[in-house]
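Please treat every number below as a calculation from the coordinates, not as lab data. Since the model is a prediction, treat every value here as computed from it, not as a measurement. So basically every Cβ, Gly included, is an ideal-geometry build from the backbone, and we count neighbours across all protein chains shown.
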Amino acid sequence: MLEVSKLKKSYDKLDVLKGVDLTVGKGEVVAVIGPSGSGKSTLLRCINQLERADSGTITVFGEDLMHTDQRGRAVFADAKKLHSIRLRMGLVFQNFNLFPHMTVLRNITEAQVCVLKRNRKDAKENAMRLLEKMGLETKASAYPCELSGGQQQRVSIARALALDPEILFFDEPTSALDPELTGEILNVIRNLAAVGMTMVIVTHEMSFAHDVADKVVFMEGGDIVDQGTPDHLFGEDASERVQQFLQRFNR
Amino acid sequence: MTSEQIGTLFGLMLQYAVPTMKIFAYTLIFSIPLGMLVAQLKMCRFKPVSWLTNLYILIMRGTPLLLQLIVAQYSVPNIVKSDICPGFLRDLLGGIDIRSESYTFNMMLIAFVLNYAAYFAEIFRGGIESIPKGQYEAASALGFGRLQTFFRIVLPQVIKRVTPACSNEIITLVKDTSLASAIPYMEIMYIAKKQVPTYASLLPLFMAGLFYFAFAMVLTLLFNIIEKKLNYYK
Ligand SMILES: Nc1ncnc2c1ncn2[C@@H]1O[C@H](COP(=O)(O)OP(=O)(O)OP(=O)(O)O)[C@@H](O)[C@H]1O
Ligand SMILES: [Mg+2]
């Protein structure tokens, strides 16, 4: 479903991604872990077109988002194709990025109406259905500032789901939340995994990654150092570096 | 002074309050959209455009509005007379009747609009730049186009953020319209000053002051209401 290979990205002289390879199959849940500054967010941002990678290939849904020509220059799909690819992917941010001037309902319906051109009534029904799933049906007419962090993050997940993405990316969805609130978000993601949603989740919640992910990827210094099943990565035969990182993490 | 005289004076002042409000309204109608455009130009990634725009803003904010108003009045005849004026421009400007009332008004309005657009542009730019990057990223991830993002997501938030600064600017404009009297353009300040010797009294000036005060008060109240209305979110 998603295939990234030899992806490189640098800011000025700083190489943030040094040739990342990643495959995500349909229905697969991939957790990305690694120390701060290792390039996890940048990887997600390149795949979601918030950033342009310097070279490498990204193929999603069998479509060519970018590749590299013989001279080593990045070639991107045309704007129309990029747009159609973008609509099939969803991204959930660490700090929610809800639109503060819109009600919860409007946050979820706006893109359905303006981007997907659904009629307002259908968009509303869809939004209410999602809000119910998130346990937020009573908050439809509230503004984001009136919600707790956990509620805001649930709204932002609903907002992404409203466009029916085929793959959903999370960039540290619980890092901005109080520890008591992370559970509610992790549960939402668990439920999505249970219904077969394809997801890539950058997270520092190791036990969650262990439980939910089909595959765990460990990134450091712009490279994927190790990857495999959770049992492999969190087990004895993971690479030494991973064990080191996890040890420090558990302390 | 008889009450009849006071009544006549009051009528006269009211009559000349109309041109004052005309300057006020026209300046706002043109300078706010122009300010929005200037703000965009200043944020233009093509540097020469941004620099030129910045130069314009610096000049408008760094020199007195009164000077700009007077320069505007003298501009056309002086350009036409100058040796370096290209022929087509001379033909174009030569046809303008610089003694007509509409010339005085239009040139004055140009100066007011250019001056206020510079101030509004800086307010709008500050507002636009204060919108967190995450808003653009969320919009982009959801597939909103550039214009949709600006008009549906950025602009409504900018409006809320710039309203207090704009209300300041607009209330200043009420009082700045009085500079037109120096051109001279016949508005309430001009007539008030002229009536002082006639009536041998400060009353005309007092009435003009009262008019500006009431006008500014009404706007203050209006903006209080608007700001409250915009407080539906934080
Ligand atoms: N826009 C940018 N300009 C310059 N450097 C950047 C930019 N964005 C990220 N970087 C740098 O790229 C490196 C990787 O950043 P990235 O955000 O991808 O790391 P991360 O793995 O997500 O870290 P964290 O766990 O802290 O979120 C960091 O060293 C960061 O300073
Ligand atoms: Mg990050």
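Within region A:137-146, restricting attention to residues that are surrounded by 17 or more Cβ atoms within 10 Å (Cβ to Cβ) and touching a Leu at 6+ places or on another chain (Cβ under 8 Å), the residue that is nearest to the other protein chains (Cβ to nearest Cβ) is A:144. Determine whether residue B:177 is part of a helix (DSSP H, G or I), on the phi < 0 side of the Ramachandran plot, in contact (Cβ under 8 Å) with a residue 40 or more places away in the chain and buried (at least 20 other Cβ atoms within 10 Å of the Cβ). Taking the combined requirement at face value, the residue satisfies it.
Being of a type outside the set (S, T, N, Q), more than 10 Å from ligand 1 (Cβ to nearest atom) and more than 14 Å from residue A:168 (Cα to Cα) is a condition met by no residue of region A:26-39. For region A:69-95, a residue qualifies if it is within 8 Å of chain B (Cβ to nearest Cβ) and part of a loop (DSSP other than H, G, I, E, B), and the qualifying residues are A:93, A:95. Regarding residue B:124, is this residue in a helix (DSSP H, G or I) and crowded, with 20+ Cβ neighbours inside 10 Å? Taking the combined requirement at face value, the residue satisfies it. When A:129, A:106, A:120, A:73 are screened for being closer than 26 Å to residue A:41 by Cβ and either within 16 Å of ligand 2 (Cβ to nearest atom) or of a type in the set (D, E, K, R) (or both), only A:73 passes.
The residue list A:16, A:24, A:20, A:30 contains one member that is of a type in the set (A, V, I, L, M, F, W, C), away from every other protein chain (no Cβ under 14 Å) and within 13 Å of ligand 2 (Cβ to nearest atom), which is A:16. Going by what's in this entry, would residue A:158 be described as within 14 Å of another protein chain (Cβ to nearest Cβ), within 16 Å of ligand 1 (Cβ to nearest atom) and within 29 Å of residue B:231 (Cα to Cα)? It is false that residue A:158 is within 14 Å of another protein chain (Cβ to nearest Cβ), within 16 Å of ligand 1 (Cβ to nearest atom) and within 29 Å of residue B:231 (Cα to Cα). Filtering A:13, A:9 for residues that are within 15 Å of ligand 1 (Cβ to nearest atom) and without any contact (Cβ under 8 Å) to a residue 40 or more places away in the chain leaves a single hit, A:13.
Of the residues A:186, A:181, the single one that is under 17 Å from the mean Cα position of the chain (by Cα) and either crowded, with 18+ Cβ neighbours inside 10 Å or not polar (S, T, N, Q) (or both) is A:186. Of all residues assigned to region A:61-68, at least one qualifies as being among the aromatic types (Phe, Trp, Tyr) and under 23 Å from residue A:202 (Cβ atoms). Of all residues in region A:151-169, those satisfying the criterion of being under 17 Å from residue A:195 (Cα atoms) and in contact (Cβ under 8 Å) with a residue 40 or more places away in the chain are A:157, A:158, A:160, A:161, A:162, A:163, A:165, A:166, A:167, A:168, A:169.
The residue pairs whose first member lies in region A:30-41 and is closer than 18 Å to residue A:6 by Cβ, whose second member is near ligand 2 (Cβ under 9 Å from one of its atoms) and of a type outside the set (Ser, Thr, Tyr), and whose beta carbons are closer than 7 Å, counting only pairs six or more residues apart or on different chains, are A:32/A:40; A:32/A:202; A:40/A:202.
Take the conditions within 30 Å of residue A:119 (Cα to Cα) and away from ligand 2 (no atom under 16 Å from the Cβ) and apply them to residue A:150. Does it pass?
yes
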